[in-house]
Amino acid sequence: MDGLGVGSRGERVLDEAYRIGCSTVMAFEPEDVFYLTGFWGEGIAVLNQSGTRLIVPQLEADRARSVARCEVLEAERGSSMLDRALSLVGDGASVCTDCSDHSLFERMKVRLVESSRLRYSKDVFYNARRIKDGYEISIIERASSILDELFRVCEYLIRAGMSERQIQAMLMYEAMVRGAYPPAYRYTLSPLIVASGTNSSLPHAEPSDRVVSTGDLITIDLTLRYNGYIADATRTFALGSIDGEREDVYYVVREAQQRALDAVCEGVQCRDVDGAARSYIEGRGYGERFIHSTGHGIGLDVHEPPWISRTSQDTLARGMCITVEPGIYIHGRYGVRIEDSVAIRDDGRVVVMNRYTKDLVRL
Ligand SMILES: [Mn+2]
């Protein structure tokens, strides 16, 4: 990470903290620690107007010092790390933290001197992180181009007779040699979604031993991390020739996805981007089968604000990176989803970061 960027990211977080009356920030979540320091690992970052300090256990100290763009302090793992972090908090400070561990939060409260206040706020971090700087966008663009390469790999890799698990394993190999990592998303066990045939009717299917065969739709949802940042894209392939019904649904989703992409622009309400996809799908009679929102922000989390949903109160702005991913899921039979990651660059230009074709590709 570039030092300048990390510095201004800290300023963004501190500005958000001031807005809720806090002058010190304590970060525990790896995404937020990374955002503030450039170090991804076990540690606590403390930020106030005198700068950022990172407290790490001894085993991480060398690694932290080699990458972190701030002062690194060592403490014994556990409560002495917390004590060290709290010792950096001045008397009478108002502290906000992303710590969602209740017992840790209570311990902090007890140990802070009486004149200090502690409050939980994940929004301080999310609000800062929702606007990416040029460096962050360039990383996500590079990550997106790796996903495009992997879709090209699918063209020669996927053959009738392979299991979803085999396809996942081979794609993960291809991803990891290109520098991409599993996203460590907690709500799915597997790093990728490879959903074939009936499994493709489940938006978050886990890869199984199901063997792919001619006539299947195969949804490949690639959510991978690269230099800390997430890229997210989905293509639905056909294995051999598929029936007319499946092909029609494919092109309904494709048109809906294009309409939502066309709606993306700074100043636009996120719910209107959702509406562009949803109203088209509803008009084609599949409204009940579009069972999730149109997209979400991406960055250091797989899903983060802004939310591209029917009820979203968010407005698109320069620096945002989002996904656009409508889908149609016919219960117990098949499903189609097409997803691109999109950036609104700091000059206002909308860039669809995935370039891989959205024509129906027959493998
Ligand atoms: Mn997504």
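Numbers for the structure displayed
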| read-out | value |
| --- | --- |
| Number of positions in the stretch 300-349 that are assigned to a strand (DSSP E or B) and either within 11 Å of the ligand (Cβ to nearest atom) or over 21 Å from residue 238 (Cα atoms) (or both) | 18 |
| Condition met for residue 363 (touching a helix residue (DSSP H, G or I) at 6+ places or on another chain (Cβ under 8 Å), assigned by TED's automatic domain parsing to the domain that holds residue 193, more than 14 Å from the ligand (Cβ to nearest atom) and open to solvent by less than 50 Å² (accessible area, probe 1.4 Å)) | no |
| Residue ID - farthest from the ligand (Cβ to nearest atom), chosen from residues in the stretch 286-299 that are within 20 Å of the chain's Cα centre (by Cα) and open to solvent by 20 Å² or more (accessible area, probe 1.4 Å) | 291 |
| Hits in the stretch 76-98 (condition: within 20 Å of residue 60 (Cα to Cα), under 31 Å from the mean Cα position of the chain (by Cα) and open to solvent by less than 70 Å² (accessible area, probe 1.4 Å)) | 78, 79, 81, 82, 85, 86 |
| Positions within the stretch 263-285 being part of a helix (DSSP H, G or I), under 18 Å from residue 317 (Cβ atoms), in contact with a helix residue (DSSP H, G or I) (Cβ under 9 Å, 6 or more places away or on another chain) and open to solvent by 50 Å² or more (accessible area, probe 1.4 Å), in sequence order | 272 |
| Residue satisfying all of: in the stretch 44-75; hydroxyl-bearing (Ser, Thr, Tyr) and at pLDDT 95 or above; surrounded by the most Cβ atoms within 10 Å (Cβ to Cβ) among these | 52 |
| Count of the stretch 225-245 residues which are touching a strand residue (DSSP E or B) at 6+ places or on another chain (Cβ under 6 Å) and either part of a helix (DSSP H, G or I) or within 14 Å of the ligand (Cβ to nearest atom) (or both) | 7 |
| Candidate set from the stretch 310-353 (those that are among the basic types (Lys, Arg) and within 22 Å of residue 300 (Cβ to Cβ)); member that is most open to solvent (accessible area, probe 1.4 Å) | 318 |
| Total residues in the stretch 149-171, condition buried (at least 19 other Cβ atoms within 10 Å of the Cβ) and assigned to a helix (DSSP H, G or I) | 7 |
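Residues are listed down the side, and each one gets a yes or a no for (1) under 18 Å from residue 300 (Cα atoms); (2) among the aliphatic types (A, V, I, L, M):
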{"position": "183", "(1), (2)": "yes, no"}
{"position": "191", "(1), (2)": "yes, no"}
{"position": "224", "(1), (2)": "yes, yes"}
{"position": "231", "(1), (2)": "yes, yes"}
{"position": "234", "(1), (2)": "no, no"}
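The values are calculated or read from the model by the stated rules, or taken from the named source; none is laboratory data. Quick caveat: nothing in here was measured; it's all calculated off a predicted structure. We place every Cβ from the backbone using ideal geometry, glycine too, and count neighbours over all the protein chains shown. In case anyone asks, the SASA skips ligands and DNA or RNA and just uses the protein heavy atoms, side chains included. Shrake-Rupley method; radii C 1.70, N 1.55, O 1.52, S 1.80 Å.
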